[in-house]
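The structure appears right after this line, and notes come after that.
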């Protein structure tokens with residue numbers, strides 16, 4: 001009897017210990033989830049926590065802020081006093097910009113999924129192509145303007161919660177169906193014939209132009225035409241670099257603008273197959289002032305090395321953003337930028353695309369940029385209506 005009681009007590013103690021350990025593990029696991037910040041813009045941080053906060057040439061970013069103010073004044077009332085203060089500063093020094101930012105904004109770290117604070121930082125630029133306004137044997141590859149038959153459906157008109165989201169389609173009989181994917185647009189049926197904006201001499205030039213979202217075309221008389229993003233066919237973007245990796249054509253670590261371009265030229269019989277794995281197609285419009293930089297999604301001219309493409313569902317367009325990353329050669333790249341553009345491949349919390357401008361250096365940087373980095377959103381500090389002016 002005594003032995004039975006001891007064994008029973010021992011078994012109960014063992015069971016109690018096992019349950020306690022299981023509960024502890026569960027609680028610890030839950031705490032890990034509980035204490036991970038929500039993905040997106042987090043709580044405020046100190047200005048001193050921004051890498052290179054005292055070293056950046058902040059005045060270089062001032063034009064980006066100035067140029068967006070007419071747009072931001074109409075877009076968000078919180079920007080009205082900020083832009084009034086912008087107008088009072090003419091050619092400010094780095095220190096004056098630093099004081100301005102501290103007076104009107106507060107930095108917030110951006111978090112990715114599972115509490116991560118790093119993500120992918122890439123780059124884009126304005127390519128220069130050779131082209132003509134008329135087709136010839138040399139200039140045989142079209143760049144299209146938005147097709148008249150493409151329908152745009154604003155979903156917010158039916159569902160206000162879907163503001164900013166839209167569908168593209170076309171009429172087929174009495175039904176609306178998805179608009180043509182890349183394989184059809186560039187296929188033998190040529191459904192957009194007659195809708196050409198101009199013609200270029202590079203069979204892959206239009207594709208890479210669409211990836212960048214804007215560019216310039218030099219005509220035979222030496223004049224240059226600027227091209228801006230106008231619309232898109234509504235199909236999701238898929239990176240062809242990913243397709244090439246999945247098909248064991250290019251190692252992941254070697255994927256770049258240059259390796260992809262080289263593969264297409266070396267494999268012309270398979271080029272269309274790979275290009276068509278990205279069904280998204282971008283249409284363009286001529287830029288009124290060719291000397292002006294391309295305009296981003298905010299519809300303001302982009303500023304070289306100071307404008308940023310982001311996921312606008314995470315970071316509102318117009319938001320100043322502090323970026324902490326490196327260039328492809330390992331050089332630290334920690335600076336003030338402004339979120340003024342979006343892109344089909346730019347999706348996620350800590351995800352951004354640096355606009356490097358135009359020219360050979362910009363192409364090299366944009367073509368190789370695929371760095372890890374962190375982002376901080378500089379959110380406007382609302383003016384206290386009850387606070388009396390001194």
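The values are calculated or read from the model by the stated rules, or taken from the named source; none is laboratory data. All figures in this text were calculated on a predicted structure; none of them were measured in a lab. For neighbour counting, all protein chains shown are included, and Cβ atoms are generated from backbone atoms with ideal geometry for every residue, glycine included.
Every residue, every condition in (1) at pLDDT 95 or above; (2) touching a helix residue (DSSP H, G or I) at 6+ places or on another chain (Cβ under 8 Å), yes or no:
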position: 320; (1), (2): yes, yes
position: 330; (1), (2): yes, no
position: 336; (1), (2): yes, yes
position: 344; (1), (2): no, no
position: 358; (1), (2): no, no
position: 361; (1), (2): yes, no
(request) Give the range 41-65 a look and list any residue that's closer than 18 Å to residue 381 by Cα, under 24 Å from the mean Cα position of the chain (by Cα) and surrounded by 17 or more Cβ atoms within 10 Å (Cβ to Cβ), or say none. (result) 41, 42, 50, 65
(message) Only one of 327, 298 is buried (at least 19 other Cβ atoms within 10 Å of the Cβ) and touching a strand residue (DSSP E or B) at 6+ places or on another chain (Cβ under 6 Å). Can you tell me which?
(response) 298
(request) Kindly check whether there is at least one residue in the range 145-152 that is within 23 Å of the chain's Cα centre (by Cα), exposed (fewer than 12 other Cβ atoms within 10 Å of the Cβ) and in contact (Cβ under 8 Å) with a residue 12 or more places away in the chain. (result) no
(request) Evaluate the following for residue 215: is it surrounded by 16 or more Cβ atoms within 10 Å (Cβ to Cβ), in contact (Cβ under 8 Å) with a residue 60 or more places away in the chain and assigned to a strand (DSSP E or B)? (result) yes
(message) Could you check the range 240-271 and list, in sequence order, the residues that are touching a residue at least 60 places away in the same chain (Cβ under 8 Å) and in contact with a helix residue (DSSP H, G or I) (Cβ under 6 Å, 6 or more places away or on another chain)?
(response) 255, 256, 257, 258, 264, 271
(message) Out of 106, 96, 102, I need the residue that is under 24 Å from residue 67 (Cβ atoms), within 24 Å of the chain's Cα centre (by Cα), modelled with pLDDT of 95 or more and surrounded by fewer than 18 Cβ atoms within 10 Å (Cβ to Cβ). Which one?
(response) 106
(request) Starting from the range 100-117, keep only residues that are at negative phi and touching a residue at least 12 places away in the same chain (Cβ under 8 Å), then list their pairs with residues that are part of a strand (DSSP E or B) and surrounded by fewer than 17 Cβ atoms within 10 Å (Cβ to Cβ) whose Cβ atoms are within a distance under 6 Å, requiring at least 6 positions of separation or different chains. (result) 106/44; 108/44
(request) May I ask you to list the residues in the range 66-78 that are surrounded by 14 or more Cβ atoms within 10 Å (Cβ to Cβ) and in a loop (DSSP other than H, G, I, E, B)? (result) 76, 78
(message) Among the listed residues 383, 361, identify the single one that is free of Cβ contacts under 8 Å to residues at least 12 places away in the same chain and out of contact with any strand residue (DSSP E or B) (no Cβ under 8 Å at 6 or more places or on another chain).
(response) 361
(request) State yes or no: is residue 234 out of contact with any helix residue (DSSP H, G or I) (no Cβ under 9 Å at 6 or more places or on another chain), crowded, with 17+ Cβ neighbours inside 10 Å and either at pLDDT below 95 or under 30 Å from residue 150 (Cβ atoms) (or both)? (result) yes
(request) Check off (1) within 23 Å of residue 107 (Cβ to Cβ); (2) surrounded by fewer than 22 Cβ atoms within 10 Å (Cβ to Cβ) for residue 335 and give me the number that stays unchecked. (result) (2)
(request) Of the conditions (1) out of contact with any helix residue (DSSP H, G or I) (no Cβ under 9 Å at 6 or more places or on another chain); (2) crowded, with 16+ Cβ neighbours inside 10 Å, residue 223 clears all except one; give me its number. (result) (2)
